[in-house]
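The values are calculated or read from the model by the stated rules, or taken from the named source; none is laboratory data. The structure displayed is predicted, hence computed values, not measured ones. All Cβ positions, even for glycine, are placed from backbone atoms using ideal geometry, and neighbour counts span all protein chains on display. Only protein heavy atoms, including side chains, enter the accessible area calculation; ligands, DNA and RNA are left aside. Shrake-Rupley method; radii C 1.70, N 1.55, O 1.52, S 1.80 Å.
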Amino acid sequence: MLFNGRRLAPQGTGSAIDINAIPAILIKQIDVVTGGASAVYGSDAVTGAVNFITRKVDRLEATGQFDVYGAGDGESYNASLVGGTSFAGERGHITAFADYLRRTLLLGSDREFIEFVIGENSRTGAFEPGGSRVIPEGIILFPPTLIDGAFTNAVFTPDGSVRGFAPEDRFNFASDNYLQTPLKR
């Protein structure tokens, strides 16, 4: 991974390069070289290299973007400001950049198509609302317990007693899943 022909330093414990740190408004082009780039970029580029090339900014520029889904939710706001100037008789250049991004939360419960987990009924083969057998109230999965003359998994009721697990006890986790994670940067 290169930035204007120079190797980017890895960050964090995973030694990964965070390309989110490169402002999109400054990118002029991205060169992708596959195979055999070590002669130009060094021994780390034996299988290829990606070079982010930035542009020279000699003025103040502002951009903005607003997105929303057709249902009227899931808003995303992004505003950028970049400015640059040369100094010391064109021998130096300085660039400053600021960016603001805000994306709102969107859950599975906000969309009809993913409001419920759909599962197959093992007895009838029909699709029906399902969910996880691991429920917030707690369940004993092993060994099955003899309740009302049948072996079943035991479920704790709000008063602390035990009863047999029923299909309607399944936990619907689909409504709590993120379709769009909230973000403020």
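In the range 55-146, if every C-alpha pair distance is counted and binned at 5 Å from zero, what percent goes to each bin?
Spelled out per bin, shortest first, that is 3, 9, 10, 10, 9, 9, 8, 7, 6, 6, 6, 5, 4, 4, 2, 1, 0, 0.
Charges at C-beta only: +1 for Lys and Arg, -1 for Asp and Glu. How large is the resulting dipole of the chain about its Cα centre, in Debye rounded to 20?
Values: 16 positive and 21 negative charges, 214 e Å.
It comes to approximately 1020 debye.
Please list Ile118, Ile53, Ile135 in order of solvent-accessible area, largest first, computed with a 1.4 Å probe with all protein chains present.
Details: Ile118 110, Ile53 35, Ile135 15 Å².
Putting Ile118, Ile53, Ile135 in descending order of accessible area: Ile118, Ile53, Ile135.
Which is farthest toward the positive dipole end of the chain among Thr152, Ile17, Gln29, measuring Cα position about the Cα centre, with Cβ charges +1 (Lys, Arg) and -1 (Asp, Glu)?
Sorting the options by dipole projection puts first Gln29.
Give the share of C-alpha pairs in each 10 angstrom bin for the range 97-185, from 0 to the last occupied bin, in whole percents, shortest bins first.
It works out to 15, 31, 27, 15, 8, 3, 1, 0, in whole percents.
Hey, what's the chain come to in accessible area per residue, 1.4 Å probe, Å²? Could you put the intermediate results ahead of the total?
Details: 12790 Å² over 185 residues.
Here the residues of the chain average 69 Å² of exposed surface.
How large is Rg over Rh for the range 27-185, taking Rg from the Cα atoms and Rh as the Kirkwood inverse mean of 1/r across Cα pairs? All intermediate terms of the calculation are to be shown ahead of the outcome.
Details: Rg = 28.4 Å, Rh = 22.3 Å.
That ratio equals 1.27.
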